[in-house]
Amino acid sequence: MTSSRRSAARKTIFDPVHGTVSVEGVALALIGHSAFQRLWGIRQTGFAHLVFPGANHTRLEHSLGVFWVTQQMADRLGLAEEDALTVAVGGLLHDLGHGPFSHTLDPTAVEVLGFGHERISRAWITGESLEGITDDRAAGASPPMSEILELAGVNRRTVADLVDPGSGREAHPLLRAMLHGAIDADRIDYLQRDAHYTGVAHGTIDAARLLDTVREHRGRLLFAEKGHNAVEGFLVGRALMYSAVYFHKTVRSAEVMAQSALERLPDFPDIPHAVFGMTDGEFLGYLASAGQRSAEIVRGFRSRRLFKRALAWRDIPSGLRRAIGRLMRDPPHRRAVEDDLADRLKLLPGGVLLDTSGLTSRSVGGDWDEVGLLGTRGPSYPFRAASVWRDLAMRPPTAWKLAVYVPPEHREAAERRLPGLLRRVL
């Protein structure tokens with residue numbers, strides 16, 4: 001922040017990605033809030049540590065990183081002080097609502113709560129009560145986040161609208177693009193951070209060049225034409241990190257196992273909403289004490305005994321596309337199909353797990369149409385036209401569309417029978 005925004009209370013944080021991060025004023029107060037401190041217990045990349053042992057970094061580190069990147073963007077764009085502070089606070093608080101293991105339980109949260117983590121972040125920021133989730137974990141330890149913001153002169157509604165892109169409010173499009181654009185502060189941080197901790201070099205991007213060439217044009221976030229190569233490098237890094245890390249088949253196995261452990265609890269879907277406000281450790285402890293099958297899955301995580309992929313369909317047979325679509329839209333139906341398959345394979349309920357993320361991930365690169373370069377003749381949008389770069393950006397992160405996981409000792413038999421069984425069951 002500029003000198004005019006400095007206060008006597010100031011802390012310096014040493015970050016392995018960005019170096020020195022200075023925190024003061026309202027940001028310092030927010031970091032001390034119990035809801036923000038919970039993020040120490042949420043792994044940034046979910047279960048990726050089971051494949052990449054160094055991936056134990058947390059949502060708190062990432063949130064501090066996004067805070068730093070938004071400040072750099074704001075300085076280079078010459079934003080007014082109020083806007084710069086607002087978007088920096090939005091970057092700091094954008095992940096408040098994440099549940100255990102980050103995105104792992106997103107589909108389950110929508111089924112149980114009717115909304116996802118962005119809505120929970122909004123509630124923390126505005127002071128809205130969501131039963132069992134936004135209750136302060138240490139009563140009296142932290143003033144309401146909304147009160148911290150208002151006392152600092154930061155409009156909590158504006159911050160909430162920036163954090164929750166599904167709010168329907170289109171105010172402050174430039175600030176929103178800084179947090180929810182094709183190339184935004186969130187992605188600039190997590191690609192570097194995840195590459196650093198996983199050891200996967202694909203996420204290495206030229207962040208300094210991107211930040212140096214960021215521009216504003218008629219309320220839109222663009223990049224100077226001289227930053228073209230850095231933009232293309234970002235495109236490559238993002239595409240490869242999705243396929244190499246986020247959709248790695250073993251990471252996906254652990255994620256569908258965790259979802260299943262929660263979905264197969266006797267009281268599901270009437271489970272305590274507080275589950276979605278737990279840390280990773282609290283969530284595993286809850287599952288370990290909640291039921292036989294859930295406890296078995298937790299033991300599998302702790303000993304790295306994971307389900308194995310027994311089938312991966314690259315193409316869905318034309319006659320089954322509607323049925324596969326229903327699996328995506330109707331979780332209870334998907335669980336019934338899983339149990340039907342398990343019964344036919346002589347496995348216990350929950351012994352077969354279907355993963356449709358290969359279909360839902362088809363649009364991961366779709367916002368590249370909006371990446372603009374600003375030259376002497378005005379803006380251009382090079383990734384809207386067919387090119388090798390566009391092909392890479394739009395490449396799905398998985399070669400498969402539907403995958404099926406089973407316990408490792410049953411993989412060989414399942415591989416032989418599943419193709420025919422799926423056609424009959426669906």
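The numbers here are math on the coordinates, done by the rules we state, and not lab data. As the structure is a computational prediction, the values presented were derived from the model and not from experiment. Please note: Cβ atoms are built from the backbone with ideal geometry, for glycine as well, and neighbour counts cover all protein chains shown.
Go through Gly281, Gly285 for me and flag whichever is more than 17 Å from the chain's Cα centre (by Cα), without any contact (Cβ under 8 Å) to a residue 12 or more places away in the chain and under 18 Å from Ile297 (Cα atoms).
None of the other options fit; the residue is Gly285.
Of the conditions (1) over 26 Å from Ala239 (Cα atoms); (2) over 26 Å from the mean Cα position of the chain (by Cα), Tyr381 fails just one. Which one is it?
Evaluating Tyr381 over (1) over 26 Å from Ala239 (Cα atoms); (2) over 26 Å from the mean Cα position of the chain (by Cα) leaves (1) as the failure.
If the requirement is being touching a Pro at 6+ places or on another chain (Cβ under 8 Å), assigned to a helix (DSSP H, G or I), of a type in the set (A, V, I, L, M, F, W, C) and free of Cβ contacts under 8 Å to residues at least 12 places away in the same chain, which of these qualifies: Ala295, Ala342?
Numbers: Ala295 fails: touching a Pro at 6+ places or on another chain (Cβ under 8 Å).
Only one candidate qualifies: Ala342.
Here is a yes/no grid of residues against (1) closer than 24 Å to Arg157 by Cβ; (2) in contact with a His (Cβ under 7 Å, 6 or more places away or on another chain); (3) of a type in the set (Gly, Ala, Ser):
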site: Gly25; (1), (2), (3): yes, no, yes
site: Ala29; (1), (2), (3): yes, no, yes
site: Ala35; (1), (2), (3): yes, no, yes
site: Leu39; (1), (2), (3): yes, no, no
site: Thr58; (1), (2), (3): no, no, no
site: Ala74; (1), (2), (3): yes, no, yes
site: Leu77; (1), (2), (3): yes, no, no
site: Val87; (1), (2), (3): yes, no, no
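Go through the residues of the stretch 363-376 one by one and say whether even a single one is under 30 Å from Leu221 (Cα atoms), in contact (Cβ under 8 Å) with a residue 24 or more places away in the chain, among the small types (Gly, Ala, Ser) and in a strand (DSSP E or B).
Scanning the stretch 363-376, I find at least one residue that is under 30 Å from Leu221 (Cα atoms), in contact (Cβ under 8 Å) with a residue 24 or more places away in the chain, among the small types (Gly, Ala, Ser) and in a strand (DSSP E or B), so the answer is yes.
Going through Val154, Val112 one at a time, which residue ends up being buried (at least 17 other Cβ atoms within 10 Å of the Cβ), part of a helix (DSSP H, G or I) and touching a residue at least 24 places away in the same chain (Cβ under 8 Å)?
Val112
In the stretch 224-244, which residue that is among the aliphatic types (A, V, I, L, M) and buried (at least 23 other Cβ atoms within 10 Å of the Cβ) is nearest to Leu191 (Cα to Cα)?
Within the stretch 224-244, the match that is nearest to Leu191 (Cα to Cα) is Met241.
Could you run through the stretch 87-109 and say how many residues are within 17 Å of Glu255 (Cα to Cα), out of contact with any Asp or Glu (no Cβ under 7 Å at 6 or more places or on another chain) and in contact (Cβ under 8 Å) with a residue 40 or more places away in the chain?
Of the residues in that region, 7 qualify.
For the stretch 182-233, enumerate the residues that are among the polar types (S, T, N, Q) and within 24 Å of Gly378 (Cβ to Cβ).
Residues satisfying the conditions are Thr213, Asn229.
One line per residue, one yes/no per condition, for (1) surrounded by fewer than 17 Cβ atoms within 10 Å (Cβ to Cβ); (2) hydrophobic (A, V, I, L, M, F, W, C); (3) free of Cβ contacts under 8 Å to residues at least 12 places away in the same chain:
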position: Asp315; (1), (2), (3): yes, no, no
position: Gly319; (1), (2), (3): yes, no, yes
position: Asp330; (1), (2), (3): yes, no, yes
position: Leu354; (1), (2), (3): no, yes, no
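Conditions (1) part of a helix (DSSP H, G or I); (2) in contact with a Pro (Cβ under 8 Å, 6 or more places away or on another chain); (3) closer than 19 Å to Val23 by Cα, marked per residue:
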{"residue": "Gln71", "(1), (2), (3)": "yes, no, yes"}
{"residue": "Thr86", "(1), (2), (3)": "yes, no, yes"}
{"residue": "Gly90", "(1), (2), (3)": "yes, no, yes"}
{"residue": "Pro107", "(1), (2), (3)": "yes, yes, no"}
{"residue": "Glu118", "(1), (2), (3)": "yes, yes, no"}
{"residue": "Trp124", "(1), (2), (3)": "yes, no, no"}
{"residue": "Thr134", "(1), (2), (3)": "no, no, no"}
